[in-house]
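First up is the structure itself, then whatever we jot down about it.
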Amino acid sequence: MLAAGCWLPVQAQVQGQAKPAAKNKALHVVFIPKSSDQVFWDLMRAGVDRAVQEDGQVRLTWRGPAHNDDTEAQIRILQAYTRADVDAILITPTDRSRLQQAVRAATALGIKVVVVDSALDGSDYSNMVATDNVRGGRLAARQLAELLGKQGQVAILRTVAGSASTDERAQGFMAYLKESAPGIKVLEDTHGGATTGQARHSALELLKRHPDLDGVFAVNESSTDGMLRALRDQGRAGKLRFVGFDSTDLLLQALQQKEIDGLVLQDPQQMGYVGLQAALAAVRGEAVKDKSIFTDTTLLTRENLQSPAVKKLLCVRC
């Protein structure tokens, strides 16, 4: 059974036939994250490890590319584990369309594939477990709109093109402004790159082009980190409103110092935990009610930073 407490809006059954799983045989499950350079994946790994320990019959392989713009590396890793001794693969697609063919090849071999965190085009997978990214973007827009009195000029810093999760956050952000704060104008919506360094450089250029910005929204951990560093470089940290996504020690410190006005938190531990459970259910031929499983988002501010619910979201090994 999947863990309780997840929002399950799409009604569907696990598709396809499971490979026969021998009783008392450890199942080989491979998890392929987008990258290895963000705290977000450490949090997700904690949830995966918890599910592995609870089940007791799983052999886990965790392997991903160094950065989240290296789709070719992710494809190569997926292809390397498309083999008979692998029972299930969980993957967080760096690109929603370019991974399709390699995922299709894995499922054709009888491997159960579960998509985690970011959407994949097509239907060649058993389940998708992800944040409600549109809602997360709307939360960020609402916070920024309230801080600006629903008037002003803002910019959006994305990560890499083709990333479904972050694109959905930007879409939710813009949709909220259009509906509820039309007095706020988005002056620029740009992709900043995969790494913190690339995001910092892109953010610096963006800030130079728009010296009169009132606020900024960054869509993930690396873009939020890069934007913060760029604002500090220009002496503008805390002088314009800033809402980001995800958390690290640096970002939490900046929130407390009033350099950031809000961070949209996902629940990567729950995503990893539920994703692993869904993969095992698919391998064992157990029906899963919902093909798409969405975990919630929380807006972190200085006011709720010490709440028990937020502390649990921020803890890697709770």
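The values are calculated or read from the model by the stated rules, or taken from the named source; none is laboratory data. All values reported here derive from a predicted model rather than from experimental measurement. Virtual Cβ from ideal backbone geometry, glycine too; neighbours counted across all protein chains shown.
Let's see how each residue does on (1) surrounded by fewer than 20 Cβ atoms within 10 Å (Cβ to Cβ); (2) over 30 Å from Thr82 (Cβ atoms); (3) in the same structural domain as Phe40 (by TED's automatic domain parsing); (4) in contact with a Phe, Trp or Tyr (Cβ under 6 Å, 6 or more places away or on another chain):
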site	(1), (2), (3), (4)
Ala106	no, no, yes, no
Ile111	no, no, yes, no
Asp117	no, no, yes, no
Ser126	no, no, yes, no
Ala141	no, yes, no, yes
Glu146	yes, yes, no, no
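So that you can scan it fast, the table gives a plain yes or no per residue for (1) β-branched (Val, Ile, Thr); (2) crowded, with 24+ Cβ neighbours inside 10 Å:
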residue: Gln153; (1), (2): no, no
residue: Leu157; (1), (2): no, yes
residue: Ala161; (1), (2): no, no
residue: Pro182; (1), (2): no, no
residue: Val216; (1), (2): yes, yes
residue: Arg236; (1), (2): no, no
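Considering segment 108-121, and only residues there that are under 16 Å from Leu280 (Cβ atoms) and either not hydrophobic (A, V, I, L, M, F, W, C) or not in a strand (DSSP E or B) (or both), the residue that is nearest to the chain's Cα centre (by Cα) turns out to be Lys112.
Would you check if Ala80 is more than 23 Å from Leu314 (Cα to Cα), at pLDDT below 95, more than 20 Å from the chain's Cα centre (by Cα) and not assigned by TED's automatic domain parsing to the domain that holds Leu250? So Ala80 does not fit the description; no. Condition test on Gln17, is it at pLDDT 85 or above, farther than 18 Å from Leu99 by Cβ and loosely packed, with under 14 Cβ neighbours inside 10 Å? Answer is no for this residue. The combined condition, being within 21 Å of the chain's Cα centre (by Cα), in contact (Cβ under 8 Å) with a residue 40 or more places away in the chain and surrounded by fewer than 24 Cβ atoms within 10 Å (Cβ to Cβ), is not fulfilled by Ile91.
Quick grid of which residues meet (1) in the same structural domain as Arg50 (by TED's automatic domain parsing); (2) touching a strand residue (DSSP E or B) at 6+ places or on another chain (Cβ under 9 Å); (3) free of Cβ contacts under 8 Å to residues at least 12 places away in the same chain; (4) not aromatic (Phe, Trp, Tyr):
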residue: Ser247; (1), (2), (3), (4): no, yes, no, yes
residue: Asp261; (1), (2), (3), (4): no, yes, no, yes
residue: Met271; (1), (2), (3), (4): yes, yes, no, yes
residue: Val274; (1), (2), (3), (4): yes, yes, no, yes
residue: Ala287; (1), (2), (3), (4): yes, no, no, yes
residue: Leu300; (1), (2), (3), (4): no, yes, no, yes
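Scanning segment 64-88 for residues that are crowded, with 20+ Cβ neighbours inside 10 Å, part of a loop (DSSP other than H, G, I, E, B) and among the aliphatic types (A, V, I, L, M) yields a single hit, Val86.
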